Amino acid sequence: MAAEAKHFKYVILGGGVAAGYAAREFGKQGVNPGELAIISKEPVAPYERPALSKGYLFPENAARLPGFHTCVGSGGERLLPEWYSEKGIELILSTEIVKADLASKTLTSAAGATFTYETLLIATGSSVIKLTDFGVQGAESNNILYLRDIADADKLVAAMQAKKDGKVVIVGGGYIGLELSAALKMNNFDVTMVYPEPWCMPRLFTSGIAHFYEGYYSNKGIKIVKGTVAAGFEADANGDVTAVKLKDGRVLEADIVVVGVGGRPLTALFKGQVAEEKGGLKTDAFFETNVPGVYAIGDVATFPLKLYNEQRRVEHVDHARKSAEQAVRAIKAKESGESVAEYDYLPYFYSRSFDIAWQFYGDNVGDDVLFGDNDPASANHKFGSYWVKDGKVVGVFLEGGSAEENQAIARVARAQPVVADVEALKTEGLEFAAKV
């Protein structure tokens, strides 16, 4: 006979950034021992995932757990496993849920354990897209790696130690591609990036922005191959990758391949049980789905983005943190008959690599206006872009900004000031933001 179901008032399904920030907010709002459980397939308490592509790979003083458990990434308290036990929050780790029955409020694990809840927070995040998913020839070879969780990061670190100073091919020109190329170059690897688009990070970067980063990376000795994809891999007798075969016929030697071609929100458990939109679980401004008492936060939520009056799904750590806090506040307010303000999110993305760092706020739609010096060879790495739509600034990007300047561009994206003269905006540059 199956073990008796464990019952909790609240269950957070998933153990990433959103889960950690939700737990902290439950702690702040007040939660009784035994009321809350986090069920995670990872073997460790929630941690700040962005560290895996940055500090975790540093050649010296690399970040390691317990150093970057949530919520240190936003300057908050570090929640060690002891914090959860002190609060009476149950961390159910190394546990994969394979079935979710929302009608009976029951979750079932791969091992056959069952968990019941009154309120569920779905914080399952994304899974990484693998080349094996598309049947790419040789994609199952050893040392073809991905980066999503700490187990992936440990595999990469082990490969880096085994193949010191070797050749690395990075497949993908987005976030992961750019951050990992920098990290591996800092570790003295020979690095080549491969991506099919005409420039890196095309979902956000304009050609003018990308011109700087591609030039900067090239000057650091990173080779960039654009307009083609990995069509197959060669391996030796041990099954270790030795080369990447490109669609354009070129062959690149490789001791390590790291693939960063995007993720997919993990929503399959809820298919047919929850309304979906834009690839995510559709929620209201409090992150509640169309199933009462079931909330979705972070990567999996498609929520009303008030500023642009549209439903949107956002894959970024900033939204994972903030959506988690909003959902928990809404749950607690509902219980006490109070209300909370609607989620009013300003999209925010950032990245750091080498000695460069950019921030972006708002929406990258409309006409882009480049300002500042985007010459990768110049000593001063300060430039940016405004996006102007219907005569208003709706988005701003800035490389090399100070804390004050970054706050100023965030204010611009939020306020959406009217622009009388787009040409003048080019010459005014950051001065325009300072006046808002």
(request) Among 39, 402, 425, flag the residue with its Cα farthest along the positive direction of the charge dipole of the chain, charges on Cβ as +1 for Lys/Arg and -1 for Asp/Glu. (result) 39
(request) Over the chain, with every protein chain in place, what whole percent of the accessible area is carbon and sulfur at 1.4 Å, could you tell me? (result) 50
(request) Classify region 355-434 as rounded, prolate or oblate, taking a ≥ b ≥ c as the square roots of the eigenvalues of its Cα gyration tensor: rounded when a/c is under 1.5, otherwise prolate if a/b is larger than b/c and oblate if not. (result) prolate
(request) Would you be so kind as to identify which of 159, 186, 202 lies farthest towards the positive end of the dipole of region 131-261, taking Lys and Arg as +1 and Asp and Glu as -1 on Cβ and the Cα centre as origin? (result) 202
(request) With a ≥ b ≥ c taken as the square roots of the eigenvalues of the C-alpha gyration tensor of region 262-305, please select rounded if a/c is under 1.5 and otherwise prolate if a/b is larger than b/c or oblate if it is not? (result) oblate
(request) Might you report the magnitude of the Cβ-based charge dipole of the chain about its Cα centre, with Lys and Arg at +1 and Asp and Glu at -1, to the nearest 20 debye? (result) 400
(request) Keeping all protein chains in place, calculate the accessible area per residue for the chain (probe 1.4 angstrom), answer in Å². (result) 43
(message) Using helices alone, I'd like the mean residue ellipticity at 222 nm for the chain: each DSSP H run of four-plus residues gives -39500 (n - 2.57), total over residue count, nearest 500.
(response) -7000 deg cm²/dmol
(request) Would you kindly state how much longer the chain becomes between residue 93 and residue 165 on full extension, computed as 0.36 nm times their sequence separation minus their alpha carbon distance, in nm to one decimal? (result) 22.3 nm
(request) Could you state, as a whole-number percent, how many of the C-alpha pairs of region 131-261 are farther apart than 21 Å? (result) 35
(request) Determine the dipole magnitude for region 342-425: charges of +1 sit on the beta-carbon of Lys and Arg, -1 on that of Asp and Glu, nothing else is charged, the reference point is the Cα centre, and the result goes in debye to the nearest 20. (result) 180
(message) How would region 1-147 be classified by its alpha-carbon gyration tensor: rounded, prolate or oblate, with rounded meaning a/c under 1.5 and the a/b versus b/c comparison settling the rest?
(response) oblate
(request) With a point put 7 Å past each Cα toward its Cβ, work out how far residue 80 is from residue 339 in nm, to one decimal. (result) 4.3
(message) Quick check for me: using +1 on Lys/Arg Cβ and -1 on Asp/Glu Cβ, what's the dipole size of region 131-261 about its Cα centre, in debye to the nearest 20?
(response) 380
(request) Let me know the longest stretch in the chain that avoids all GluC sites (Glu not before Pro) found in a DSSP loop with at most 15 other C-beta atoms within 10 Å. (result) 141-337
(message) For the chain, compute Rg over Rh where Rg is the Cα radius of gyration and Rh is the Kirkwood radius from the inverse mean 1/r over Cα pairs.
(response) 0.98
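The values are calculated or read from the model by the stated rules, or taken from the named source; none is laboratory data. Given the structure is predicted, the values throughout are model-derived calculations rather than measurements. Cβ: placed from backbone, ideal geometry, glycine included. Neighbour counts: every protein chain shown. Please note that ligands, DNA and RNA were not included when accessible areas were found on the heavy atoms of the full protein model with its side chains. Shrake-Rupley method; radii C 1.70, N 1.55, O 1.52, S 1.80 Å.
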